[in-house]
Structure formats: C-alpha cells, structure tokens
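Engineer: First the structure, which I've put down as structure tokens, then a few questions once you've had a look.
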Amino acid sequence: MAPASPKKMTAGSRKKRGPKEKPKEKPPGTDAFPVVCLGASAGGLQSLEAFLSNVPDQTGMAFVVISHTDPERTSLLPDILRRTSGIPVIIIEERIVPEQNTVYLPPSNRDLVMDRGKFHLKDIERKDGLHLPIDRFLESLSKARGKRSGCAILSGTGTDGTHGLRLIKEAGGVTLAETKSSAGHFGMPQSAIETGMVDYILEPARMPGRLIDYFEHPVTLQDTTEVERGGRVKDGKQILKSLHQVIQLLAQNTGHDFSHYKKSTLIRRIERRMSVTRSKTAAEYLDYLRCNDHESKALFQDFLIGVTEFFRDPETFVLLQEKVLPELFARRDKGASLRGWFAGCSTGEEVYSGAMVISEYLEAHKIRCGMQLFGTDIDPKAIDKARQGVYLQNIAAQVSPERLQRFFSKDGDRYRVEKEIREPVVFSVQDILRDPPFTQLDLLFCRNLLIYLEPEAQNRLIPILHYSLKPEGLLVLGSSESTGGFAGFFTMLDKKQSIYQKKEGPVAARPAIEFPVRGKRPEQRVQYIPPAVMKNHR
C-alpha cells in the first residue's frame with residue numbers, strides 16, 4: 001500500500017468537525033490520464049489487432065475493448081489480443097482501477113461502466129431486444145473522463161457506439177472511426193461518421209499515433225505564455241484577441257456570429273480543434289482556418305455540439321404531462337389549437353418527445369384539439385435530420401416499447417416517426433438572437449441554450465421569450481437555467497425543472513426588448529406592447 005500523502009497525515013482532527021466531509025469533485029478529466037474505448041463487432045478482430053500491434057509500450061493511456069461477444073461462452077478475444085499487443089491485456093474485475101499502458105476487456109457475460117475512476121461490471125442490458133454495450137460504456141466514460149476520453153469505432157454491423165461517440169464529443173474528448181477500405185464491416189463506422197462528429201477517419205494501424213499526438217501535445221489559443229512560479233500561466237489579453245480573430249473569421253466564412261456565446265466554452269472548443277488539426281499556435285490555426293473551408297464547417301459544428309435524445313431529463317416530460325398540460329388546458333377555449341415552440345431543437349428529438357406527450361394527454365382526456373409545434377435551430381444539418389424524422393435503432397434505450405410501437409415504424413436498423421407526430425411539427429433554421437421569434441405561444445421550450453450565452457445575450461433573450469408567450473403561457477428552461485433578473489415577469493411553477501408561467505401586468509412594467517433583425521440594420525430598443533394592446537393601435 002502506498003504511504004499516505006503528507007496532506008492527508010496533517011489534515012487535522014476530523015473528529016472535531018463531525019462526519020467526514022465529502023471532497024469536492026473535480027471536472028471530468030482534469031488531472032486523469034486518457035482512457036480510450038475501442039468499439040468493435042463483426043470483422044473487428046483484424047481491426048483490433050492492427051490497432052494494438054501499433055501501440056507503443058508507453059502511451060500514457062489505458063485502452064478498453066468493448067465488443068459484441070456471446071454471453072454464453074467465455075471469449076477467446078483476450079488470449080488472441082495478448083499475442084498481438086505489446087502491452088498487458090487484462091480481463092476486468094469489479095471495482096479495479098485502470099492503469100496506463102494497459103488494455104482492458106470485460107467478461108463476455110457482463111456490461112462495463114466507469115464511475116469515480118473505477119470499472120464496474122453490470123448485468124447485460126437489453127432494450128427492445130438490443131444490446132448496446134459500446135454505447136453504455138461510452139456514456140459512462142464521457143462523464144468519468146471528460147476531455148481525457150476517446151473512442152475509436154472499428155469494424156462492425158449495426159449502430160452501437162454512435163450515441164456514445166456523440167457523448168464523448170460533447171464532453172470534449174476525441175473521436176475516431178475506421179475507414180471503409182479497412183473495415184470488414186462498415187456499418188458501425190459509417191453510422192458514427194454520419195453524425196458529423198468524428199475527428200479522424202483512419203485505418204486502425206494509424207490511430208495509436210494520432211491519439212498520442214492529440215493527448216501529448218495540448219495547445220492553447222495564446223501564441224506565448226508567461227512563466228510564474230514554475231508553471232504555465234495563460235495571457236488573458238492574448239487569448240481574447242485570438243478568440244476575437246477566430247470568431248471574426250468564422251463569421252465571414254459561415255455567416256454566423258458567436259461573439260455572444262460564453263468565451264470559456266468557445267475557447268475550449270477552439271483549443272480542441274487546434275489539437276485535432278495539430279496547430280501549435282493561434283496564428284497557425286488562423287492560417288489553417290483561412291486556407292481550409294472544411295475547417296470552418298468543423299469548428300461551426302464543434303461550437304454547436306449539444307447532444308440531445310428522446311425524453312432527455314425524463315422528469316421534465318413527466319411534469320409536462322402531469323402539471324404543465326393540465327395548467328394549459330384548464331383555461332383554454334374548447335377546440336383551440338395548442339401552439340408551441342422548441343428553440344434550439346438540434347435534430348428534433350425533443351420536439352417529437354413533446355408531441356408524443358401532448359398527443360397522449362389529448363387522447364387520455366378525450367380532448368379534441370389540434371397542435372402546431374415549431375422546432376428551430378441554427379444548424380441547417382440538424383434541421384434537415386429533424387425534418388426526416390428517422391433515427392437509429394439505439395433510441396430504444398430512450399423510448400419505451402409502448403411509444404416505439406405507437407409512434408414509430410421500424411425500417412431496418414432505423415426508426416421513423418409516424419405521420420401522426422410529424423405532421424403538426426414545422427422545422428426551420430433560425431438564429432434566436434437574430435431572427436424574429438414565433439409569437440402567441442401556449443408553450444415555449446428553450447432548454448440548455450441560455451447556459452451557452454454571455455449574460456448580456458441572456459438579458460436580450462429572456463424578454464423575447466416573454467414577448468413570444470400568450471398571457472399565462474408556459475416557459476420551460478433547462479434545469480440549471482433561470483429567468484435571472486426577469487424573475488418578476490414570471491411565476492415559477494417548478495423550481496427544480498425550471499418551469500415558469502408568464503405574468504401579465506401594466507404595459508409600462510414589461511421588459512424592454514431588442515427585437516431580432518437580420519442584416520446590418522441597427523437593432524432598435526423598444527418598449528414591449530403585448531399583442532392585445534397592439535391591435536388597438538392599428
């Protein structure tokens with residue numbers, strides 16, 4: 001056993017302080033070595049051998065192999081990989097702590113997750129007949145290791161690993177997929193590549209070297225660093241100058257201005273792209289950005305990373321059914337259509353989730369009422385996917401069997417949203433801070449968008465959301481979001497899930513709005529006049 005650190009030995013008497021205090025958790029990946037998952041299935045043996053035969057003795061990483069094995073038989077894969085691998089190959093036991101320069105595999109009859117730096121073996125989980133061990137491990141890895149996580153989706157059929165790869169990318173990790181020419185079966189790599197979230201598409205033999213380059217040479221936006229007390233200190237002014245230059249160039253190339261997004265988030269995403277492109281300085285990355293059109297698109301997509309899924313934060317949709325909808329229909333005219341807006345809807349899962357819940361509520365309470373729902377996002381690719389309404393079979397892990405049967409039709413390894421749910425939904429590309437909002441809304445979902453915006457932009461957006469709602473309309477924000485300085489204009493219905501109801505009052509008491517406008521026209525600051533009052537001025 002390693003000796004206790006001096007810090008622990010001199011921590012003082014815990015008895016005097018009562019129960020042992022729980023240490024504060026550090027952000028995932030803050031001081032941990034990287035853990036990289038290799039996901040493989042049919043035809044994956046050759047790919048795994050090609051990968052591991054090119055792993056040096058000292059990489060500073062741990063590798064976890066997750067494959068589709070027969071749970072009724074002891075897998076021969078560990079023994080086969082030991083012949084190829086130059087580093088130890090270990091079968092995982094419960095609660096072991098991973099070590100660097102080691103390959104790990106779970107037993108064939110168990111699923112694997114990672115939590116608090118340890119491996120945990122779980123009973124095999126099947127949903128709608130699907131076993132998705134790669135997705136399951138990647139979800140836990142993204143939380144456990146954050147930006148010090150990685151995944152490589154190798155040869156295999158089906159779509160396992162695609163959802164997990166999105167989570168790794170959202171957490172700031174690195175993502176790889178095997179090339180079509182080298183994969184025995186291209187189904188899994190292709191599904192991952194189609195997300196647009198794969199950083200490197202490579203032959204397995206080239207992956208270890210690229211991972212070493214990525215993790216061993218982190219870069220920053222600054223061109224120079226100051227040294228203080230033997231450590232590297234970021235030059236804040238230089239970083240902000242570099243950030244401004246990148247944002248300006250991206251705006252020129254894509255037409256989208258990200259200056260109102262939180263600087264800390266943008267800096268992390270830019271630095272990640274610098275690592276991916278192996279740009280050592282901000283100046284070098286700016287040159288790369290100027291010379292490569294595809295990099296502007298890649299950076300744009302990285303800025304917009306926001307993983308969504310059906311019924312994400314399930315409690316919100318339970319409250320929608322049990323509290324929000326009863327509140328709406330208690331004061332509605334019979335037969336009046338319900339009008340809702342889902343802002344920042346990404347690829348549409350949240351909108352369709354809401355549509356399913358509303359449809360169930362109407363049927364359960366025998367309410368004859370139409371609904372019109374708008375889903376908007378700044379990303380045209382995401383909106384195109386949302387309009388198609390076709391999703392991977394992996395959604396069986398998020399959608400109940402009853403809802404899958406009622407609201408979806410199965411098409412190969414995909415699920416298609418039924419016409420009943422697609423027809424009331426209109427999707428469109430919209431920048432919520434630049435384009436006119438939808439109005440006269442009963443319900444407005446704007447979850448997990450405010451957290452990415454600077455306070456000034458939040459203060460512009462919340463009055464717009466207030467203006468968009470009908471009197472006593474309902475606003476649903478993310479669980480960590482609030483109406484901030486505009487709390488007086490809303491009644492809180494549920495603090496935990498951030499559900500608010502619009503307050504009505506004198507016109508003079510309404511928040512002032514900077515109406516979104518396209519183009520270069522100056523924004524006008526005007527006093528909010530509710531629709532009922534505006535009619536009297538026509």
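Engineer: Within segment 304-334, report the trypsin sites (Lys or Arg not before Pro) that DSSP leaves as loop and that have at most 10 other Cβ atoms within 10 Å.
Structural biologist: Details: sites: Arg312, Lys323, Arg331, Arg332, Lys334; in loops: Arg312, Arg331, Arg332, Lys334.
Those satisfying the criteria are Arg331, Lys334.
Engineer: Distances over 16 Å make up what percent of all Cα-Cα pairs in segment 71-111?
Structural biologist: On the way: 307 of 820 pairs.
Tail fraction, whole percent: 37.
Engineer: I want the antiparallel fraction of DSSP beta bridges within the chain, as a percent rounded to 5.
Structural biologist: 40
Engineer: Still on this structure, I have one more. List, in order, the whole-Hz ³J(HN,Hα) value for each residue of segment 448-454 obtained from phi through the Karplus relation with A = 6.51, B = -1.76, C = 1.60 and θ = phi - 60°; use x for Gly and Pro.
Structural biologist: 6, 10, 4, 5, 8, 9, 5
Engineer: Which percent, nearest 5, of DSSP beta bridges in segment 329-471 are antiparallel? List each step's numbers first, then the result.
Structural biologist: Details: 7 of 22 bridges.
Percent antiparallel among DSSP bridges in segment 329-471 is about 30.
Engineer: How big is the equivalent ellipsoid of segment 82-185 along its three axes, where each semi-axis is √(5λ) from the Cα gyration tensor, reported in whole Å from largest to smallest?
Structural biologist: 20, 18, 16
Engineer: Another question about this same structure. Quick check on my link table: of Lys366/Lys419; Lys262/Lys385; Lys381/Lys470; Lys381/Lys496; Lys262/Lys495, which ones sit more than 22 Å apart, alpha carbon to alpha carbon?
Structural biologist: Flagged as over cut-off: Lys262/Lys385; Lys381/Lys470; Lys381/Lys496; Lys262/Lys495.
Engineer: Calculate the translational D of segment 152-214 in whole µm² s⁻¹ from Stokes-Einstein, where the hydrodynamic radius comes from the Kirkwood formula applied to all Cα pairs, the temperature is 4 °C and the viscosity 1.567 mPa s.
Structural biologist: Details: Rh = 11.4 Å.
Using the Kirkwood radius from Cα pairs, D works out to 113 µm²/s.
Engineer: How high is the relative contact order of the chain? Use alpha-carbon pairs under 8 Å, at least six apart in sequence, and give a whole percent.
Structural biologist: Values: 950 pairs, mean separation 48.6, N = 538.
It comes to 9 percent, rounded to a whole number.
Engineer: Taking 25 Å as R0, compute the FRET efficiency from the Cβ-Cβ separation of Arg416 and Glu170 and round it to 0.05. Mind showing how you got there, number by number?
Structural biologist: Details: r = 25 Å, r/R0 = 1.01.
Rounded to the nearest 0.05, the efficiency is 0.50.
Engineer: Any idea what diffusion coefficient the chain gets from Stokes-Einstein, in µm²/s, Kirkwood Rh on alpha carbon pairs, 4 °C, 1.567 mPa s?
Structural biologist: 50
Engineer: A follow-up question, please. What do you get for GluC sites (Glu not before Pro) in segment 135-201 restricted to DSSP loop and a cutoff of at most 14 other Cβ within 10 Å of the site's Cβ?
Structural biologist: Hits after loop and neighbour filter: Glu194.
Engineer: I've got another one for you. Expressed as an acute angle from 0 to 90° and rounded to the nearest 10, what is the orientation of the C-alpha long axis of helix 263-277 relative to the principal long axis of the chain?
Structural biologist: 40
Engineer: What is the spin-label model distance, in nm, from Leu76 to Thr179 if the labels are put 7 Å beyond Cα along the C-beta direction?
Structural biologist: 3.0
Engineer: In a Debye calculation with equal point scatterers on the alpha-carbon sites of segment 354-487 and no solvent, what is log10 I(q)/I(0) at q = 0.15, 0.22 Å⁻¹?
Structural biologist: At q = 0.15, 0.22 Å⁻¹ the computed log10 ratios are -0.89, -1.41.
Engineer: Per residue, how much accessible area does segment 346-488 have with a 1.4 Å probe, in Å²? Working shown, then result.
Structural biologist: Details: 5620 Å² over 143 residues.
Per-residue accessible area for segment 346-488 comes out at 39 Å².
The values are calculated or read from the model by the stated rules, or taken from the named source; none is laboratory data. Just so it is clear, the structure is predicted and the values come from calculations on it, not from any experiment. Cβ: placed from backbone, ideal geometry, glycine included. Neighbour counts: every protein chain shown. Keep in mind that these areas ignore ligands, DNA and RNA; they rest on the heavy atoms of the full protein, side chains included. Shrake-Rupley method; radii C 1.70, N 1.55, O 1.52, S 1.80 Å.
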